[in-house]
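The values are calculated or read from the model by the stated rules, or taken from the named source; none is laboratory data. Remember, it's a predicted structure, so these values are computed and weren't measured experimentally. Note that we place each Cβ from the backbone using ideal geometry, even for glycine, and neighbour counts take in every protein chain shown. Ligands, DNA and RNA are excluded from the accessible area calculation, which covers all protein heavy atoms including side chains. Shrake-Rupley method; radii C 1.70, N 1.55, O 1.52, S 1.80 Å.
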Amino acid sequence: MKKIFSILFFLLGSFLLIAQQSAPNYDEAKIPVYSLPDPLVFDNGLTVNSKKDWEKRRKEIYQSFEKEIYGVAPEWTGKLKSTIVSQKDNALNGLAKRKQVHLQLINNDRKLEIVILIYLPQNYKNAPIFLGYNFNGNHTTSTETDIIITDTWVRNNEKIGTLDNRANENGRGKSVSRWPMKEIISRGFGVATLYYGEIDPDYDDGFKNGVHQLFDSSRISSSWGSIATWAWGLSRVMDYFETDKEINVKRVIVMGHSRLGKTALWAAASDKRYAMVISNNSGCGGAAISRRKFGETVSSINNVFPHWFCDNFKKFNDNEDLLPVDQHELIALIAPRPVSVASAAEDLWADPKGEFLSCFYASPVYELLGMKSFAKNEMPPLNKPVYGDISYHVRDGKHDITSLDWKYYMDYAASYFNK
Ligand code: GTR
């Protein structure tokens, strides 16, 4: 009997311990004491004093993110073949020129196909263009009836009307609240979007499908995870843009929401061609400081999404203090380019304060490069963006990208691109 009791106690104790460990923390008072790596101090302890020093330090930080978090992308020596599969001069009731570009990524005898949906204002010369992935297929971003439906794997989603991992007509226009095309075009911006699953379907299949088919299958602990593949895919879109005379490749604003906000940040850190960066509610592995362990943590993200990051990242599950970098340095890697980070007040899972703090702690790098420093270490009030070379807003409401977020992004972009 005694033995049975002690076993029961042991089981209960273990259960409570596990429950306590896995329950997300939403209490500022319970944030562990932590110290952040200084972006302006080299790994050997020397200080970064000049722009030249920063270029060296930047490499160091970039390589840490690559090797320990997102993973290293394989070398790309492949080719692109683009075909415009449809073109319309009077899209969106005459507001926009629209084209759908079929892009083949070719590596020796292997191929991957993606479709980019592009809307440009009629007066498209020099129009800044927002480039971002969509979650459920291009046809969900617009109500226009002739937008191609992707034939790759999509996540089942009742709201979008997908039950068998295949996109269909039910999804048409279902994500328009996230893609206010008419408003964007009316303000003189272009939009380019593609379905992220065409680069790498978002489930853990052991890195076999999507872009992985283009490369050899051997993997090591620093091989790329899906976020890095998605970032890489955006760079291939940039390669295509360089060949498209209607697009001003110097005015591309890379953007994304949530996991795709993480992707936008890593894309901009990896490719200097983007002129501006937007990270909407990107949270853990995006803009939020990992060491705060507020909301989603390194261990929870690695457990639920084992394919997003490289295997090395798992070493830091419940071990954030050992990370050689933290996410403020991801923002710093974007300097001196303008970056806008945004949170939603009810999106505690993504740690709004941690997203804000990354902006604050990246600021010294922007200053060193002659850019404006980020406002004081105090969250701005709801719906009151802080604009600067690093910009931040916290919107009221839930995890989402809304027309209000877009308004702030467009105001921000307009101030840079003179629109
Ligand atoms: C959540 C995930 C977040 C965020 C989000 C999304 O389930 O925990 O990191 O990426 O998904 O992408 O919508």
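Side notes on the structure shown:
- The one condition in (1) under 23 Å from the mean Cα position of the chain (by Cα); (2) outside any helix (DSSP H, G or I); (3) in contact (Cβ under 8 Å) with a residue 40 or more places away in the chain that Ile148 fails to fulfil: (1)
- The listed residue being open to solvent by 40 Å² or more (accessible area, probe 1.4 Å) and closer than 15 Å to Ala288 by Cα, out of His399, His393: His399
- Residues in segment 104-122 that are not in a strand (DSSP E or B) and not acidic (Asp, Glu) were compared, and the one that is nearest to Trp76 (Cα to Cα) is Asn108.
- Failed criterion for Arg292 (all others in (1) touching a Phe, Trp or Tyr at 6+ places or on another chain (Cβ under 8 Å); (2) within 16 Å of the ligand (Cβ to nearest atom); (3) open to solvent by 20 Å² or more (accessible area, probe 1.4 Å); (4) of a type in the set (Lys, Arg) hold): (3)
- Residue in segment 192-200 that is part of a loop (DSSP other than H, G, I, E, B), within 19 Å of Met276 (Cβ to Cβ) and open to solvent by less than 20 Å² (accessible area, probe 1.4 Å) present: no
- For segment 37-73, filtering for residues that are over 30 Å from Arg236 (Cβ atoms), outside any loop (DSSP other than H, G, I, E, B) and among the aliphatic types (A, V, I, L, M) leaves 1.
- Some residue of segment 359-375 being open to solvent by less than 10 Å² (accessible area, probe 1.4 Å), farther than 28 Å from Leu404 by Cβ and either out of contact with any strand residue (DSSP E or B) (no Cβ under 9 Å at 6 or more places or on another chain) or modelled with pLDDT of 95 or more (or both): yes
- Filter result for Arg236 (open to solvent by 20 Å² or more (accessible area, probe 1.4 Å), under 27 Å from Pro336 (Cβ atoms), touching a helix residue (DSSP H, G or I) at 6+ places or on another chain (Cβ under 7 Å) and more than 16 Å from the ligand (Cβ to nearest atom)): no
- Checked against (1) part of a loop (DSSP other than H, G, I, E, B); (2) out of contact with any helix residue (DSSP H, G or I) (no Cβ under 6 Å at 6 or more places or on another chain); (3) away from the ligand (no atom under 16 Å from the Cβ), Phe360 meets all criteria but (1).
- For beta carbons closer than 8 Å, sequence separation of 6+ or different chains, a first residue in segment 354-366 that is under 14 Å from Gly295 (Cβ atoms) and a second that is open to solvent by 10 Å² or more (accessible area, probe 1.4 Å) and modelled with pLDDT under 95, the qualifying pairs are Leu357/Asn377.
- Candidate set from segment 207-233 (those that are free of Cβ contacts under 8 Å to residues at least 40 places away in the same chain and among the small types (Gly, Ala, Ser)); member that is surrounded by the most Cβ atoms within 10 Å (Cβ to Cβ): Ser217
- Considered as a group, the residues in segment 368-419 that are polar (S, T, N, Q) and outside any helix (DSSP H, G or I) include one that is nearest to Gly354 (Cα to Cα), and that residue is Asn377.
- Hey, Glu355 among the acidic types (Asp, Glu), within 16 Å of the ligand (Cβ to nearest atom) and open to solvent by less than 20 Å² (accessible area, probe 1.4 Å) or not: yes
- Of everything in segment 251-284 that is touching a Lys or Arg at 6+ places or on another chain (Cβ under 8 Å) and over 19 Å from Tyr70 (Cβ atoms), the residue that is most open to solvent (accessible area, probe 1.4 Å) is Ala275.
- Qualifying residue in segment 328-343 (condition: surrounded by fewer than 24 Cβ atoms within 10 Å (Cβ to Cβ), more than 21 Å from Met255 (Cβ to Cβ) and more than 17 Å from the chain's Cα centre (by Cα)): no
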